[in-house]
Amino acid sequence: MYSVRPVRGCCTGHPVAAVGIVCSLTSGSGNGSVSLESARPMARPLLRSQIQEQEQRFSNVKTELTRRGFCSVFKPLLRHEALRVLFRKAQRIAASELTPAFSRLSSFCCCTSTAELPRRGGGPIAANLGQRCWVIALVEEGGGGTLLSSPSFKPRTKLQLQRRTFLRGSSLPLRSQSDMEDGPSSTSCFRRLTDCFLGANLTDEKVKAYLSLHPQMLDEFVLESVSAETLDRWLKRKTSSRPADDTSAKEVSRQYQDTNMQGVVYELNSYMEQRLDTGGDNKLLLYELSNIIKAATKADGFALYFLGECNNSLCLFTPTAAKDGPPSLVPSGPITLGTTIAAYVAKTRKTLLVEDIMGDERFPDGTGQDSGIHVHSVLCLPILTAIGDLIAILELHRHWGKEPFNLSHQEVATANLAWASVAIHQVQVCRGLAKQTELNDFLLDVSKTYFDNIVAIDSLLEHIMIYAKNLVNADRCALFQVDHNNKELYSDLFDIGEEKEGKPVFRKTKEIRFSIDKGIAGQVARTGEVLNIPDAYADPRFNREVDLKTGYTTRNILCMPIVSRGSVIGVVQMVNKLSGSAFTKTDENNFKMFAVFCALALHCANMYHRIRHSECIYRVTMEKLSYHSICTSEEWKTLTQLNLPAPIYKEIEMFHFDISPFEEIWPAVFVYMIHNSCGKTSFELEKLCRFTMSVRKNYRRVPYHNWKHAVTVAHCMYAILQKTSGIFTELEKKGLLIACLCHDLDHRGYSNAYLQKFDHPLAALYSTSTMEQHHFSQTVSILQLEGHNIFSNLNSNEYEQVLEIIRKAIIATDLALYFNNHQQLTELLTMGALDLNNHSHRDRVIGLMMTACDLCSVTKQWQITRLTANDIYAEFWAEGDEMKKIGIQPIPMMDRDKKNEVPQGQVGFYNSVAIPCYMTLSELFPPSGPLLKACKENLGHWEQIARGEVEDIVPSRPCDSVPVKVDN
């Protein structure tokens with residue numbers, strides 16, 4: 001329950017001497033109240049000072065109210081001007097001190113003199129407010145008081161205060177804002193209602209008379225207290241009660257401006273959506289809408305124009321032709337200024353209202369119709385899509401003697417057309433989504449066609465052209481590919497305008513070519529820009545010769561480039577829009593998306609064909625290379641009959657053996673080493689001879705990494721294997737000897753760093769250990785040649801194992817890998833953890849052996865070592881010369897101008913690479929100790945030369961017939 005209590009008092013000399021305002025917030029079943037705490041801080045001191053004094057007075061008022069009840073006291077109160085002043089004072093206190101809370105209230109309660117109350121028995125009175133509300137208490141100076149309640153009035157009924165009598169134990173119901181449909185909600189409204197409601201003998205007529213005299217009070221009350229929804233309902237009843245003939249243009253305009261227009265628009269939009277044809281041009285529907293607008297604007301007639309074929313003229317739409325035929329379009333002239341008002345609006349795309357069409361000099365032809373002599377006022381409006389495309393022109397007429405159109409009529413017509421355009425745009429969007437779905441399905445279909453049959457590029461092109469026609473609804477389609485080398489467009493697939501089973505038929509004919517500088521397609525190919533030409537014959541770029549030869553008439557053209565990686569690779573040309581006068585922006589946008597995928601498909605297809613072409617070239621090249629790189633039958637047959645000189649059998653077992661004097665029998669030396677190490681039955685002799693002689697042919701004539709070096713390395717491995725009998729398996733022996741012979745196959749005389757720095761194709765194939773991976777690849781290629789597979793007698797498992805042994809051994813000759821491998825082996829030996837049965841440890845040991853064999857020239861006799869060093873530097877300096885040609889300074893080892901630093905360089909190489917390698921090898925296999933010993937002796941020679949103790953005498957110069965410049 002909420003209780004009423006006085007809050008503030010003041011003496012005025014009037015019988016009514018105290019006024020109090022309180023926000024009663026106490027709820028529940030008790031009688032307590034929290035009135036002071038709800039007031040603003042600035043009001044609290046004044047309120048607190050009077051509480052104790054007013055408590056007694058309020059008790060008297062409460063007693064009197066209980067005894068007498070409630071009766072009509074409004075008439076006597078209004079007679080006292082001082083009381084009105086007092087009410088306004090109470091209002092000002094509320095507005096200034098308690099405004100935040102006051103704005104939420106809607107019911108009032110007042111107390112006044114008890115002398116006016118009828119004397120009736122009864123119990124105590126309590127104000128049951130239900131929710132927060134304001135209570136105004138007027139307390140008499142002598143302590144008496146009266147409770148005044150505003151009526152629980154209802155909207156749209158007579159505004160009368162209801163008198164209430166309260167018996168003992170009853171409550172005073174006052175409605176809060178949530179219970180009332182419309183109730184006062186501010187101080188100003190409260191004052192007005194109070195002045196109004198406290199009039200004596202209040203009647204409907206008096207209220208109306210009062211409102212007529214004080215219209216500002218009604219305005220204030222409506223603005224402050226009536227919701228927008230209620231006003232809408234009032235307005236609906238107001239407008240619906242009027243006859244249709246009395247609706248003026250001004251009222252119609254206002255009707256389109258208020259919030260009720262939303263419902264009208266919604267209904268219009270729904271109607272349009274139901275009638276719009278997603279696949280048609282909707283001319284009849286727009287004609288029906290024009291009829292509606294004609295009636296709404298009270299026009300005497302109208303004309304509806306659509307665009308002509310090339311979008312540069314207007315055609316008058318008639319719903320039925322002669323003899324009730326189909327709708328027709330009658331040409332009405334070009335879209336230009338200085339003719340008719342419809343052409344003017346079509347040109348400017350702005351609404352035009354002309355009161356006197358005959359007197360307007362801008363339109364010498366008026367409306368351009370026979371009935372134009374009767375037309376006085378014209379309202380002409382463009383019908384545009386949401387993206388600005390012109391659909392049609394609506395022309396409304398009023399005849400002479402009628403009032404001209406005004407702005408309100410323009411508003412009505414514009415509103416209807418605007419929402420009709422929105423509906424059309426919405427349908428177009430839906431149509432676009434349907435097209436997008438269709439496009440997505442097509443792209444998936446093209447993808448399937450492309451991946452299923454990538455070879456048939458003609459099938460792909462035909463598929464693209466078929467859908468391109470359907471996408472933009474074109475009559476004909478042509479696709480030209482671009483030949484940038486000859487600057488020409490070419491095609492051999494043409495649309496002949498025929499159909500088979502509902503699908504267009506494309507005929508493959510003799511290829512035609514024409515210059516890229518000619519025609520519309522040529523311009524698109526040159527510029528890469530889209531061309532949408534509404535009138536082909538009006539464009540000077542159009543080539544009419546084709547039409548003259550074929551008898552076909554070209555009206556409009558949409559030409560689109562197909563761009564891949566910034567270059568135009570094709571041009572698609574659509575001819576003659578079937579449904580509509582010309583190709584639209586929507587057609588352009590849809591086709592742009594389609595062209596992106598066309599570019600991808602064509603690019604991939606062309607790439608595939610280029611790859612196929614390159615593959616054919618590669619096969620022919622490989623065939624030529626194989627012919628020149630495979631030994632002849634005479635060569636391998638001769639090898640089968642060669643025998644080694646007797647002295648060689650003993651020398652070949654020594655580490656220092658020099659093969660230089662026996663160049664003619666190097667192949668035989670290798671065959672002997674294979675037979676002596678692995679057995680004569682380990683390989684078929686014919687295949688072994690073929691393989692050996694073909695390997696010899698595939699070594700290039702470079703100063704160092706040549707056939708001689710290959711046999712020398714193979715001999716060193718043979719000597720190690722002979723001295724370490726029982727450690728390596730037969731498969732490993734075979735693999736290591738073959739790996740040594742092939743470890744520099746097809747070497748070009750350049751280092752890996754050089755190939756990688758200058759993006760050599762080999763570096764693109766092999767990012768690490770470039771040349772070593774190429775050597776292994778060449779080895780496998782020779783093994784795969786007919787009659788060359790020396791491992792054909794092995795089973796598949798053994799074959800894979802021996803190839804892996806060869807691969808790892810050849811890769812290990814990359815000196816960049818040696819340092820880590822040597823460090824790991826040294827640590828294993830230091831810790832005593834080396835285990836040759838461990839595959840990883842075994843691979844490291846084999847890797848070290850391959851490095852030792854590759855560097856074995858440093859273990860030969862000094863004259864041989866010095867001569868070989870000269871060959872190595874000849875190769876290094878050739879690479880340095882190539883780097884200097886392109887402005888790069890080579891490292892000192894490859895700089896010919898620093899040849900005097902060779903001895904110091906060799907001393908550094910021996911100490912950092914060669915000596916540690918042979919020391920570890922001799923620790924692994926003590927029988928290999930002679931290699932370490934010879935290496936140290938040669939180091940001593942280099943140190944003497946570096947110190948200048950002896951002269952650096954080269955035993956002989958490299959042969960002049962050996963090319964220093966190497967081939968790529």
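What to note about this one:
- First in segment 604-625 and touching a residue at least 12 places away in the same chain (Cβ under 8 Å), second anywhere and in a helix (DSSP H, G or I) and surrounded by 11 or more Cβ atoms within 10 Å (Cβ to Cβ), Cβ under 8 Å, 6 or more apart: Cys604/Tyr450; Ala605/Tyr450; Ala605/Ile457; Ala605/Leu460; Asn606/Ile457; His609/Ile457
- Yes/no for Thr621 being within 25 Å of the chain's Cα centre (by Cα), part of a helix (DSSP H, G or I) and polar (S, T, N, Q): no
- Of the strands (runs of 3 or more DSSP E) lying entirely inside segment 369-487, those containing at least 3 residues that are modelled with pLDDT of 80 or more and more than 35 Å from the chain's Cα centre (by Cα) are 375-384, 390-399.
- Residue within segment 942-955 that is in the same structural domain as Ala852 (by TED's automatic domain parsing) and in contact with a Leu (Cβ under 8 Å, 6 or more places away or on another chain) present: no
- In segment 501-543, the residues that are modelled with pLDDT under 80, surrounded by 15 or more Cβ atoms within 10 Å (Cβ to Cβ) and over 25 Å from Ser567 (Cα atoms): Pro504, Phe506
- Some residue of segment 605-621 being modelled with pLDDT under 85, within 30 Å of Leu384 (Cα to Cα) and not acidic (Asp, Glu): no
- One residue from Ala714, Ala763 being surrounded by 16 or more Cβ atoms within 10 Å (Cβ to Cβ), assigned by TED's automatic domain parsing to the domain that holds Pro645 and under 30 Å from Ala646 (Cβ atoms): Ala714
One line per residue, one yes/no per condition, for (1) part of a loop (DSSP other than H, G, I, E, B); (2) at pLDDT 95 or above; (3) farther than 24 Å from Glu732 by Cβ; (4) out of contact with any helix residue (DSSP H, G or I) (no Cβ under 7 Å at 6 or more places or on another chain):
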| residue | (1), (2), (3), (4) |
| --- | --- |
| Ile846 | no, yes, no, no |
| Met850 | no, yes, no, no |
| Asn870 | no, no, yes, yes |
| Asn911 | no, yes, yes, yes |
| Ala914 | no, yes, yes, no |
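- Residue that is farthest from the chain's Cα centre (by Cα) [pool: residues in segment 872-890 that are exposed (fewer than 14 other Cβ atoms within 10 Å of the Cβ) and not in a helix (DSSP H, G or I)]: Gln889
- Yes/no for Lys860 being under 24 Å from Ile953 (Cα atoms) and free of Cβ contacts under 8 Å to residues at least 24 places away in the same chain: no
- Qualifying residue in segment 555-572 (condition: out of contact with any Phe, Trp or Tyr (no Cβ under 6 Å at 6 or more places or on another chain), surrounded by fewer than 21 Cβ atoms within 10 Å (Cβ to Cβ), closer than 26 Å to Leu329 by Cβ and modelled with pLDDT of 85 or more): yes
- Across segment 672-689, a minimum of one residue is classified as on the phi > 0 side of the Ramachandran plot, surrounded by fewer than 14 Cβ atoms within 10 Å (Cβ to Cβ) and outside any helix (DSSP H, G or I).
- Taken over segment 278-336, the criterion of being in a loop (DSSP other than H, G, I, E, B), at pLDDT below 85 and among the aliphatic types (A, V, I, L, M) is satisfied by Ala321 alone.
- Residue ranges of strands (runs of 3 or more DSSP E) in segment 519-581 with at least 1 members farther than 28 Å from Leu390 by Cα: 557-564, 567-577
- Pro703 satisfies every condition listed in (1) in a helix (DSSP H, G or I); (2) surrounded by fewer than 24 Cβ atoms within 10 Å (Cβ to Cβ) except (1).
- In segment 404-423, the residues that are out of contact with any Lys or Arg (no Cβ under 9 Å at 6 or more places or on another chain) and surrounded by fewer than 22 Cβ atoms within 10 Å (Cβ to Cβ): Leu407, Gln410, Glu411, Val412, Thr414, Ala415, Ala418, Trp419, Ser421, Val422
The values are calculated or read from the model by the stated rules, or taken from the named source; none is laboratory data. As the structure is a prediction and not an experimental result, all values here were calculated from the model. Quick reminder, even Gly has a Cβ in these numbers, built from the backbone with ideal geometry, and neighbours come from all protein chains shown.
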